Structure formats: structure tokens, C-alpha cells
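Structure record follows, encoded as C-alpha cells.
Each reported figure results from applying straightforward, stated rules to the coordinates on display, with no laboratory input. In this text, all values refer to a predicted model and were calculated from it rather than measured experimentally. Note: ideal-geometry Cβ built from the backbone for every residue, glycine included; neighbour counts use all protein chains shown.
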Amino acid sequence: MIDPPQVAGWTVVILGGVALVVDTLTALLTYSMQKGSVNIRALFLHNLSDALASVAVIVGGALIILYDMRWVDPAITIGIALYILYLAFTEIGGPIRTLMLGSPPDIDNDAVVAAVRRRS
């Protein structure tokens, strides 16, 4: 952060643009399928966060090209890492609950007990 190395701004912008197109297309493909599967939802969120990171990379590359702000590159890297950690911590509750054999949070426990008693 104090003395960042020289960064090829145009390379950063071009690769960020390619990554943005790919990540946006894959996020669009997985969006409709994410409602029924925890795995597909994780894939969708991963693609969405990658697309947002690509936007940040493009902005960072533009700042490097226009203003020689080399400190932006490590700052964006730290920001992307913090965002990914935030997504991981906010999404991990459901899978942990499933792995621990917990019931889904939106299920009506009284209705399940009533249904089991009717069947007995």
C-alpha cells in the first residue's frame, strides 16, 4: 500500500471487461435456477460477486490509467476480499443448519406435527 508496483492499467481494464462479460452471462444463466438449490444459489452469488469485483477492477484500472493511482489496486483487492468474506458469512447459516439436520426456518412445526398425528 505504501509503495505499490507499477500496474499495466489497460491490461487490467481489458481483462476486467472480459471477466465482467463472462460473469454476467453465467450469473444470468444461474439466476432462474437458484431458487431450488443451495448449491446453485452459491454459484449464482459467486458469479454475481465476481461480476461486481470485475466492475471494481475496471474502475481501478481506469483510475490507474487516468491518475496513476497505483494504491487503488491493493485497496480494491482488500475490498473484494472483505466483500467475499461478508457473502460467505451471511450465506453459511442455511447449509450449516441443513448439515446439522435442522429443520428449514420457514417450515410450520405445528402443521408437521398435526400431519404426522393424522397419518398415525
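General observations
- Candidate membrane-span-like segments in the chain, meaning DSSP H helices with Cα atoms spread over at least 20 Å of their own axis and a Kyte-Doolittle mean of 1.0 or above, are 9-31, 38-67, 72-91, with no membrane implied.
- If R0 is 30 Å, the Cβ-Cβ spacing of residue 116 and residue 39 corresponds to a FRET efficiency of close to 0.55.
- Computed about its Cα centre, the charge dipole of the chain is approximately 680 debye, with only Lys, Arg, Asp and Glu carrying charge at their Cβ.
- Computed packing ranks the peptides 84-92, 65-73 as 65-73, 84-92, most packed first, by mean other Cβ atoms within 10 Å.
- More than 16 Å apart - percent of Cα-Cα pairs taken over segment 1-109: 66
- In sequence order, segment 96-101 has phi-based couplings of 5, 4, 5, 5, 8, 6 Hz under the Karplus curve 6.51 cos²θ - 1.76 cosθ + 1.60, θ = phi - 60°, and Gly or Pro positions carry x.
- Summing Lys and Arg as +1 and Asp and Glu as -1 over all other residues whose Cβ lies under 15 Å from the Cβ of residue 38 gives a net charge of +1.
- If you plug the beta carbon distance of residue 109 and residue 84 into 1/(1 + (r/R0)^6) with R0 = 35 Å, you get a FRET efficiency near 0.50.
- Dipole-positive endmost among 58, 46, 1 within the chain (Cβ charges, Cα centre): 46
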